[in-house]
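Below is one structure, written out as structure tokens; the observations come after it.
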Amino acid sequence: MSEKLFSLLSGIIFGVGLVISGMTNPEKVIGFLSITHNWDASLIFVMGGAILVFAPFFYLMKNKDTSSLGFKINLPQMKGLDKKVLIGSSLFGVGWGLVGLCPGPAVSSIALFEPITLIFLSAMFVGILISKYV
Amino acid sequence: MYNLTPYSALSGGIIIGFSVVLYFYTTGRLAGISGIFANALTSKTNRTSNLLFLLGLVIGPLGYFFVSSEPVKFEITNSYILIIIAGFLVGLGTHMGGGCTSGHGICGISRFSFRSIVATITFILTGVITIFILQQFGIYL
């Protein structure tokens, strides 16, 4: 039960952070990717702030096998590079650049009652389904 | 760089960092949104937790709008074709590449994962190239 409660709480805090950071506005993301024209470096501060908090914490928990609630620590098993991560990340970057939305802000923007993001999320779901056949 | 908002960006980032810490500390899982989204819709494992995290992503901003007096900006293209292509590529790309801005960018870099660092550089690079090309056609200037 408490695992579900903490999932909800983590999502709420993440969503508040996204709004305060300004990253729920696609224009801010476009500004970051637009390095040759009115560059807006804000996104670096967002990622930097989050890394500054999580990196030392992760280092401290590195040798633990279970979480505080007794769940197995689940880390990606994939290491090194392969075609999948390079092609996948390249495609993601193109989609991200086209409208300035990545998955987190896309979900959070439902709170803005912008119907256009529901179209984005539906297309994202189709992309996920198709990736299983690639 | 007159658009730079370093203080709100850094405070928002720190709050996101605390969310990632809380999620990892309690559930033992990394808060990668593309993965949580994909798993919530396609996998039975931890489905309720994943859906609750996504619900939180919506409730958080809703609550914030309720208490904050600041107007919320949401400026996006009005081209449906662009939205559909972008959404499709984001879904396909993040699922293939195993992460997005949160999973690779925040969690991966924090873990000093070589794979995630390269993934992050890659999607920023192709994003920059995409914007550059669009700007040649007069979009996003």
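The values are calculated or read from the model by the stated rules, or taken from the named source; none is laboratory data. From a predicted model like this one, the values you see are computed outputs, not experimental measurements. As a convention, Cβ positions derive from the backbone with ideal geometry for all residues, glycine included, and neighbour counts pool all protein chains shown.
Laid out as a table, the results:
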{"quantity": "Residues that are touching a helix residue (DSSP H, G or I) at 6+ places or on another chain (Cβ under 8 Å), at pLDDT below 95 and surrounded by fewer than 23 Cβ atoms within 10 Å (Cβ to Cβ), drawn from region A:112-130", "calculated": "A:Leu112, A:Ile116"}
{"quantity": "Test: residue in region A:10-26 that is farther than 17 Å from A:Val107 by Cβ and either free of Cβ contacts under 8 Å to residues at least 60 places away in the same chain or within 7 Å of another protein chain (Cβ to nearest Cβ) (or both)", "calculated": "no"}
{"quantity": "Complete set of residues in region B:1-22 that are in a helix (DSSP H, G or I) and either on the phi > 0 side of the Ramachandran plot or out of contact with any Phe, Trp or Tyr (no Cβ under 7 Å at 6 or more places or on another chain) (or both)", "calculated": "B:Tyr7, B:Ser8, B:Ser11, B:Gly12, B:Ile14, B:Ile15, B:Phe18"}
{"quantity": "Top-ranked residue of region B:1-38 - restricted to ones that are surrounded by fewer than 20 Cβ atoms within 10 Å (Cβ to Cβ) and more than 7 Å from every other protein chain (Cβ to nearest Cβ), ranked as modelled with the highest pLDDT", "calculated": "B:Tyr7"}
{"quantity": "Condition met for A:Glu3 (at the interface with another protein chain (Cβ under 7 Å from one of its Cβ atoms), closer than 30 Å to A:Lys132 by Cα, among the acidic types (Asp, Glu) and part of a helix (DSSP H, G or I))", "calculated": "yes"}
{"quantity": "Filter pass, A:Phe45 being of a type in the set (Phe, Trp, Tyr) and within 28 Å of B:Ile83 (Cβ to Cβ)", "calculated": "yes"}
{"quantity": "Candidate set: region A:17-40, residues that are within 14 Å of the chain's Cα centre (by Cα) and among the aliphatic types (A, V, I, L, M); chosen: the one nearest to B:Phe66 (Cα to Cα)", "calculated": "A:Val19"}
